[in-house]
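Step one of this worksheet: look at the structure below.
The values are calculated or read from the model by the stated rules, or taken from the named source; none is laboratory data. Source: prediction; values computed, not measured. In this analysis, Cβ positions are derived from the backbone assuming ideal geometry, glycine residues included, and neighbour counts consider all displayed protein chains. We work out accessible area using only protein heavy atoms, side chains counted, and drop any ligands, DNA or RNA first. Shrake-Rupley method; radii C 1.70, N 1.55, O 1.52, S 1.80 Å.
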Amino acid sequence: MKLPMLGVINLIHEADEMGQLTANRCLATVPFGGRYRLIDFTLSSMVNSGIPKVAVFAHTKFRSLMDHVGTGTYWDLHRRGNGLFVLPPSMEDQTDFGKGDLYHFYRHRDYFTRSSPQEYVVISRSHMVCNVDFAKVLDDHLERGADITVVCKKSDEPSPGLARKVLVNGAGRITEMQDHYGRLNSDIISMEMYVLSKELLLDLVETSLARGQDHFVRHAVGSMLGHLKVNAYLHEGTLGVVNNIAAYYRHSMQLLQPDIWRDLFFNPGPIYTKIKDEPPTRYNSSADVTHSLIANGCDIEGAVHNSILFRGVKVRKGAIVRNSIIMQNGVVGENGSLENCILDKEVEIRPLQHLRGAENLPFLAIKRKVI
Amino acid sequence: MRRNECIAMLLAGGEGRRLGVLTKDLAKPAVHFGGKYRIIDFTLSNCIHSGIETVGVLTQYQPLVLNQYLGIGSPWGLDRREGGMHVLPPYVRSKGGTWYKGTANAIYQNIGFIERYDPEHVLIISGDHIYKMNYDLLLEAHKEKRADATIAVITVPWADASRFGILSVDEDSRVVEFAEKPKKPNSNLASMGVYMFSWPVLREALIRDEADKSSSNDFGKDIIPTLLKEQARLFSYRFNGYWKDVGTIESLWQANMDLLDDEPALHLDDRSWRIFSVNPNRPAQYVAPHAKISSSIVNEGCLVDGEVNRSVLFQGVMAAEGSIIEDSVIMPGAAIGRGARVIRAIVGEGAVVGDGCVVGSIDSEEIAVVGSGETISLKAEMQEVEQV
């Protein structure tokens, strides 16, 4: 079951337009789906695929990351020798901080060279909400003799999230790749998961840096499309590109479709997260809940419709919650109401308060706010 | 509590015969309770919250599920470099080995284990009981009275008193009489099966009890009455919270129902006394557009598309469209089919109630039970009818 592949979750300069939601946390630890953090999806996919060793290249605001992943126990990555490695930026001086990810790959090269049994690497980001079997991606990579295989998603309905677009020819090879600013007309986006041999990666890191180029995708992959065989592997399952508020809201609400709930959380494997030992959720005699995703530890005395409640949320008597997302330990006081809102962790809505955001612009309350 | 001042011995070998199909492959302490827990979670969580970090868990019947569940004690914070949780099944010595003959014999056979930690006091508890209790307060009372043994007691209704070990105590809480399941009880103070012993006293009592061939080697029947006869310093310690011995299908069902009041007697959502358990790590529960849930507790990973009223749903329960679940307990991973009705019932782990099937009845005195992994389908029902 062990895959000869290393995992890297690269948080260096990850495109983040999440505003207040990432004021004090990195994109990887934005709460999502009632009980998860964004990074859980990629991390669990790697573990379920049989990847025995995963590094998280942390960059900024990583306190919440360290707290969340800990020693990797909850993902079964608390192992002898293998397991989870959280690697904060290794810098000689402060100016190194702004350098591109390739520079940091180079500083962390021991992680790659020390892992001798693993010949392949998958480099990914943390904000792609999906459930991927990397064993299949590696099979495809080897079968088609690719230099680099990029996990991609074809979709008629573009996500509001920021993503790279790619052009793929009839043979499944990527011929063009543009950052999200580009005007490339394509319905295929890169899921920012790149499978390649460790040898090629280290070669690309060194030769790119030697040329003064320090961006992995833009330089080491994008500028080499003519020289290397870069293939697309099309992911069939659900995908949410979550790096701005509109995408966050849209992809969260998509979880209220049972097909997507099943596909994302169970197929091909379960998504793991840090456990909290919350009791099961209590529905009081006056509870009225429909079309919602409710995590453990909630206490519901009021009405909740078309919403997502994270762990430990309390909805008091007479309160009404609609089209909203309430993160961990939020409280909606008696006879209060919420519509089209996103409440960060531990927000308290006082009794009789009414908050309403627009349908296309949810109201966002920052962590620990009392309203 | 200072290290090894007190260690706990948790009796978890109960067969739970009266729970029928629910304990077919399961020791009683491993029976599911409260939407997420197994019964033993309560005592293990009590230990760690009370500062007792060395716990011997004595297992015997059907230990496989229980052993897997306990692991090295990590979920309860009992995986310690020293002490921590130890699973203690009966084992073979040079002169052979025997099954644990009774509760006292189980501890007797593990005198060697206890001596490795050389405690001043030993707490004897049972993995069959549901309650939240701070054993440190019991230890304080035990030390204050300079007792040889202190027995935790709870007031029970007089009508039920003959089902328990009943204690009569004087104004100083000293035990003057102890009767195991008396026909005519003189008191309504029932032993909770929670005993704090001074280790030298217990050690000697166990050795003497073992030498007595007529003894049934049981704490309630032998050790306590003998110590009382010998005028040892036996005291009672009153406990005022919720306590339940779930020995029967009826009481297991009732204990689950007790959680559903708007102000339940047993609070599971208690941040200062969290009940730890092995978390299933499933997604948040999904409540469909036409679902109705009231007066119920529902765990992670459930998908509810029907009506759920006054019921407990464990992790991963699927309640299909148009199903109705009332006054029932649905164990992990069970599936309730479209239009099926489950009323006053316990549906076992992984069981399937097929589309349109009916389990239990509102008029029934008895609680209907569907065994773990059983499948009930309309077709099977028809066949049964044909056979009749």
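Points to keep in mind about this one:
- Taken over the Cα atoms of chain B, the convex hull encloses 164 Å³ per residue.
- Residues whose placed amide H lies under 5 Å from that of B:Gly339, excluding near-sequence neighbours: B:Gly322, B:Ser323, B:Gly356
- Shielding value for B:311-321 is 1, the average number of Cβ atoms from other chains within 10 Å of each residue's Cβ.
- Residue ranking by accessible heavy-atom surface, 1.4 Å probe, largest first, among A:Phe97, B:Phe314 comes out as A:Phe97, B:Phe314.
- Span from the the range A:301-371 Cα centroid across to the the range B:1-66 one, whole angstrom: 39
- Against chain A, whose longest principal axis comes from its Cα atoms, helix A:245-254 is set at around 70 degrees.
- Ordered by solvent-accessible area of protein heavy atoms (1.4 Å probe), largest first, the residues B:Leu11, B:Leu202 come out as B:Leu11, B:Leu202.
- Relative to its residue count, the range A:64-113 spans a Cα convex hull of 99 Å³ per residue.
- Rel. contact order, % - alpha carbon contacts under 8 angstrom, at least six apart, chain B: 14
- Cross-link partners of B:Lys95 among lysines (Cα-Cα below 24 Å; sequence separation of 8 or more within a chain): B:Lys213
- Helix A:198-210 axis, angle to chain A major axis (alpha carbon atoms, nearest 10°): 80
- A straight line joining the Cα centroids of the range A:106-154 and the range A:276-290 runs 41 Å.
- Over the range A:1-77, all Cα pairs binned in 10 Å intervals from 0 give whole-percent P(r) values of 18, 52, 25, 4, 0, listed from short to long.
- Counting only DSSP H runs of at least 4 residues, each contributing -39500 (n - 2.57), and dividing by the residue count of the protein assembly as shown, the helix-based mean residue ellipticity at 222 nm comes to -5500 deg cm²/dmol.
- Å² per residue, accessible surface of the range B:233-388 at 1.4 Å: 41
- Subset of A:Lys61/A:Lys229; A:Lys2/B:Lys132; B:Lys145/B:Lys181; A:Lys154/A:Lys367; A:Lys276/B:Lys292 violating a 31 Å alpha-carbon distance limit: A:Lys61/A:Lys229; A:Lys2/B:Lys132; A:Lys154/A:Lys367
- Inverse of mean 1/r across different Cα pairs in the range A:203-328, Kirkwood, Å: 18.1
- Of the residues making up the range B:245-286, those losing 40 Å² or more of accessible area when the isolated chain is joined by the remaining protein chains, with a 1.4 Å probe, are B:Asp262, B:Asp269, B:Arg271, B:Arg274, B:Asn279, B:Asn281, B:Pro283, B:Ala284, B:Gln285, B:Tyr286.
- For chain B, the share of DSSP beta bridges that are antiparallel, to the nearest 5, is 30%.
- Integer Hz, Karplus 6.51/-1.76/1.60 couplings in order for the range B:267-276, x for Gly and Pro: 8, 7, 8, 10, 5, 7, 8, 5, 8, 7
- Count Lys and Arg as plus one, Asp and Glu as minus one, and take only other residues whose Cβ is under 11 Å from that of A:Val331; the net charge is then -1.
- Across the range A:153-220, the fraction of Cα-Cα pairs farther apart than 15 Å, rounded to a whole number, is 60%.
- The three principal axes of the C-alpha atoms in the range B:226-358 carry coordinate ranges of 65, 31, 26 Å, sorted with the longest axis first.
- For A:271-278, mean number of other protein chain Cβ atoms within 10 Å: 5
- Peptide A:250-260 has a mean of 1 when you count, residue by residue, the C-beta atoms of other protein chains within 10 Å of its C-beta.
- Phi-derived couplings, Karplus 6.51 cos²θ - 1.76 cosθ + 1.60 at θ = phi - 60°, listed residue by residue for the range B:115-124: 5, 4, 9, 6, x, 7, 10, 10, 9, 9 Hz, with x used for Gly and Pro.
- Assigned charges on the beta-carbon of Lys, Arg, Asp, Glu; the range A:82-201 dipole about Cα centre (debye): 80
- Interface burial for B against A (accessible surface, 1.4 Å probe, total of both chains, Å², rounded to 100): 3100
- In the assembled protein chains, A:Phe85 presents an accessible area of approximately 60 Å² (probe radius 1.4 Å).
- Euclidean distance between Cα centres, the range A:1-20 to the range B:191-269, Å: 53
- Going by accessible surface with a 1.4 Å probe and the largest first, A:Glu339, B:Glu5, B:Glu171, B:Glu349 read B:Glu171, B:Glu349, A:Glu339, B:Glu5.
- A simple spin-label model places the labels of B:Glu180 and B:Ser162 1.8 nm from each other, with each point 7 Å out along Cα-to-Cβ.
- Relative contact order %, the range A:7-138, counting alpha carbon pairs below 8 Å whose residues are six or more apart: 39
- Rg/Rg_globular for the protein assembly as shown, with Rg_globular taken as 2.2 N^0.38 Å and Rg from C-alpha atoms: 1.09
- Partner lysines whose Cα lies under 19 Å from the Cα of B:Lys184, excluding those fewer than 8 positions away in the same chain, are identified as B:Lys221.
- Relative contact order %, the range B:286-376, counting alpha carbon pairs below 8 Å whose residues are six or more apart: 19
- Relative to the 2.2 N^0.38 Å rule of thumb, the range B:286-376 has a C-alpha radius of gyration ratio of 0.92.
- Here is the tail figure for the range B:57-176: Cα pairs spaced more than 16 Å apart come to 74 percent of all pairs.
- In order through the range A:2-10: 3J(HN,Hα) via Karplus (6.51 cos²θ - 1.76 cosθ + 1.60), integer Hz, x for Gly, Pro: 5, 9, x, 9, 8, x, 10, 10, 9
- Most to least packed among B:150-161, A:33-44 [average Cβ atoms within 10 Å]: A:33-44, B:150-161
- Against the main long axis of the alpha-carbon atoms of chain B, helix B:40-49 sits at an angle near 50°.
- Distances between placed amide hydrogens fall under 5 Å for B:Leu88 paired with B:Val57, B:Leu58, B:Thr59, all partners being 5 or more residues away or on another chain.
- Only one residue of A:Cys341, A:Gly240, A:Gln257 has its Cα farthest out toward the positive end of the dipole of chain A, where Lys and Arg carry +1 and Asp and Glu -1 on Cβ, and that residue is A:Cys341.
- Shape call, chain A: gyration tensor on alpha carbons, a/c limit 1.5: prolate
- Residues whose amide H lies under 5 Å from that of A:Met193, counting only those 5 or more places away or on a different chain, are A:Val151; hydrogens are built 1.01 Å from N in the peptide plane.
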